[in-house]
Amino acid sequence: MKQYPHNYSYEVPEYRKVRLVIDTDLKCEADDPFALVHAIMTPKFKIAGVIGAHFGARTHQDSMMRSYNEAKLYMEYMNLTDKIPVFKGAEKAMPDEKTPMPSEGSDLIIREAMKDDPSPLYVLLWGPVTDLASAILLKPEITKRLHVVWLGGAWYPQGGWEFNASNDINAANVMMKSDVDLSMITEGSFRRVNVSLAELELKVSRRGKVGWYLFKQVNDFNHAHLESPDWPYGESWNLGDTPTIAVMLNPMGFGFQWVPAPLFTKDMYYIPTPANRAIKIYTDIDARLVIDDFFAKLQLNFPEDYIP
C-alpha cells in the first residue's frame, strides 16, 4: 500500500498506524477537501482507498460522479494519481433498510474488512452512510472487523435536520441497528472547527497547487451562493469534516459519552433505543489541535510558495 511521501523528521511507529477507507461527498461543498488533504498528509494513516459518495439529488442527478471526479482531481494535484485508489460509491440512497446499493465503494469496504491484516481498519464517513450500510447488508460479518467514525447527525440528544443524515436515513438506521463499533461526531461538535478566509489565504493558498485549489474552491463557493440569505457567511468557513481526523489523532482527548445507538425518525430526530449497543458520541472537539496540525503539515509538505 503506497503512501504519501510525508516530509517529516518524526516517524509514527508501525503498530500505531491504521488502515483507512474514506467515504466522502467531496463535491458537495468546501469542507470535505480539507479533511481529505489532511488525511493524506497524516503518516498514521495507511489509506486503502477513497470512495466518492453521492449527496442526494437536490442540486445534481450525478452527485456521486462529481465527488468521484473531484477525488481524482485532488490525487492529481498532490501527484498521487494511481497511488491512492479512488472508487465509485452508490449513485443514490437506499430505498429501504433491507435493500443495499452495491458499488465499488461497498466492495472496497468488504474487501478491506475481510483482509488478514493486523492493522486496524477504520472507515471515515463524511457524508451519507449508503456505502457502509450496503456493505453491512451484503456481508454482515464485517461489523466485527472494522471501526467507523461518522460525521453526521444534528445536535444530540434532540436531533433534527442535518445534511449528511438527510441524504440516506435508511442507511443511517441500518448502521445504528448493527453492532459495528461506531464513533459519531454530531453537529454540536463539528460546528466548533472554524477558520477565516484571511487565515486560509495566508496559510493555505500558496502551499502547492493543492493549497491554491483548496482556497480557490472556498472562495468560489462563497460567490456561487451570493443569493443565499444565511449561509455561507462570506468571511469564515466551517471545516466540518476535519473532527474525524482529530479523534483519530487523539481518540480519548475530547469530550464524549457512551449511549445506546439511537435511531432516526423520518425528520431525523433521535429515538432513544436502550436495547442497541453503546456507541461513542463526541460532545467536544479540540479545534486547535486539528486546525494547527493541518496548517503545519501543509507547510512542511509544500514549503515553497506556489503562484498560479
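For mean projected area of the Cα convex hull in nm², the value computed from the atomic coordinates appears in the list (1) 15.0; (2) 19.2; (3) 25.1 under label (1).
Mind checking the angle between helix 63-77 and the chain's longest principal axis? C-alpha axes, 0 to 90 degrees, to the nearest 10. Helix 63-77 and the main axis of the chain meet at about 40 degrees. Summed over qualifying helices (DSSP H, 4 residues or more, each -39500 (n - 2.57)) and divided by its residue number, the chain shows a 222 nm mean residue ellipticity of -10000 deg cm²/dmol. With neighbour counts taken as other beta-carbon atoms within 10 Å, the residues Ser103, Ser178 rank, fewest first, as Ser178, Ser103.
Around Lys144, what is the net charge, scoring Lys/Arg as +1 and Asp/Glu as -1 over all other residues with Cβ under 9 Å from its Cβ? Residues close to Lys144 contribute a combined charge of -2.
When peptides 8-15, 111-118, 186-193 are sorted by average Cβ neighbour count within 10 Å, with the highest value leading, the order is 186-193, 111-118, 8-15. Can you figure out the FRET efficiency of Met65 with Lys209, using R₀ = 25 Å and their beta-carbon distance, to the nearest 0.05? Efficiency, rounded to the nearest 0.05: 0.65.
Peptides 147-153, 58-64, ordered by how many other C-beta atoms sit within 10 Å of their residues on average, highest first, read 147-153, 58-64. Since only Ala39, Thr99, His54 are under comparison, the one whose Cα sits farthest along the positive direction of the charge dipole of the stretch 39-113, derived from C-beta charges on Lys, Arg, Asp and Glu, is Ala39. Between Lys72 and Ser119, the contour length at 0.36 nm per residue exceeds the Cα-Cα span by 14.3 nm.
A Förster distance of 41 Å, applied to the separation of the beta-carbon atoms of Lys216 and Glu97, puts the FRET efficiency at 0.55. Summary of packing: across the peptides 124-132, 27-35, the per-residue average of other C-beta atoms within 10 Å ranks them, highest first, as 124-132, 27-35.
Could you work out how far the C-alpha centroid of the stretch 50-99 sits from that of the stretch 136-201, in angstrom? First find each Cα centre; the distance between them is then 17 Å.
Using a simple spin-label model with pseudo-atoms 7 Å out from Cα toward Cβ, Tyr306 and Ala275 lie 5.3 nm apart. Subtracting the Cα-Cα distance of Asp230 and Arg288 from their residue separation scaled by 0.36 nm leaves 18.3 nm.
Each Lys or Arg adds one and each Asp or Glu takes one away; over the other residues whose Cβ falls under 14 Å from the Cβ of Ser119, this sums to +3.
Which residues does the label zone of Glu11 cover in the stretch 105-135, counting backbone N under 20 Å from a point 7 Å along Cα→Cβ? Correct set: 118-120. Taking 30 Å as R0, compute the FRET efficiency from the Cβ-Cβ separation of Asn194 and His223 and round it to 0.05. It comes out at approximately 0.95. Beta bridges per DSSP, both residues in the chain: antiparallel share near 30 percent. In plain terms, the bigger the Kirkwood radius, the slower the diffusion; for the stretch 48-122, with that radius from Cα pairs, at 20 °C and 1.002 mPa s, Stokes-Einstein puts D at 158 µm²/s.
In the chain, the longest principal axis of the Cα atoms and the axis of helix 104-113 are about 80 degrees apart.
The overall shape of the stretch 1-139 is oblate: from the C-alpha gyration tensor, with semi-axes ordered a ≥ b ≥ c, the ratio a/c is 1.5 or greater and a/b is no larger than b/c.
To the nearest ten degrees, helix 287-301 and the longest principal axis of the Cα atoms of the chain are 50 degrees apart. About its Cα centre, the stretch 214-308 has a charge dipole of approximately 560 debye under the convention of +1 per Lys or Arg Cβ and -1 per Asp or Glu Cβ, with nothing else charged. Taking the charge dipole of the chain about its Cα centre, with +1 at Lys and Arg Cβ atoms and -1 at Asp and Glu Cβ atoms, the residue from Phe256, Ala278, Pro118 reaching farthest to the positive side is Pro118. Taking Cβ atoms as reference points and 11 Å as the exclusive limit, the residues near Thr42 contribute a net charge of +3, counting Lys and Arg as +1 and Asp and Glu as -1. Distances between placed amide hydrogens fall under 5 Å for Phe264 paired with Ile271, all partners being 5 or more residues away or on another chain.
Rule-based calculations on the coordinates, nothing more; no lab input. None of these values were measured; they are calculated from a predicted model. Methodologically, a virtual Cβ is constructed for each residue, glycine included, from the backbone with ideal geometry; neighbour enumeration extends over all protein chains shown.
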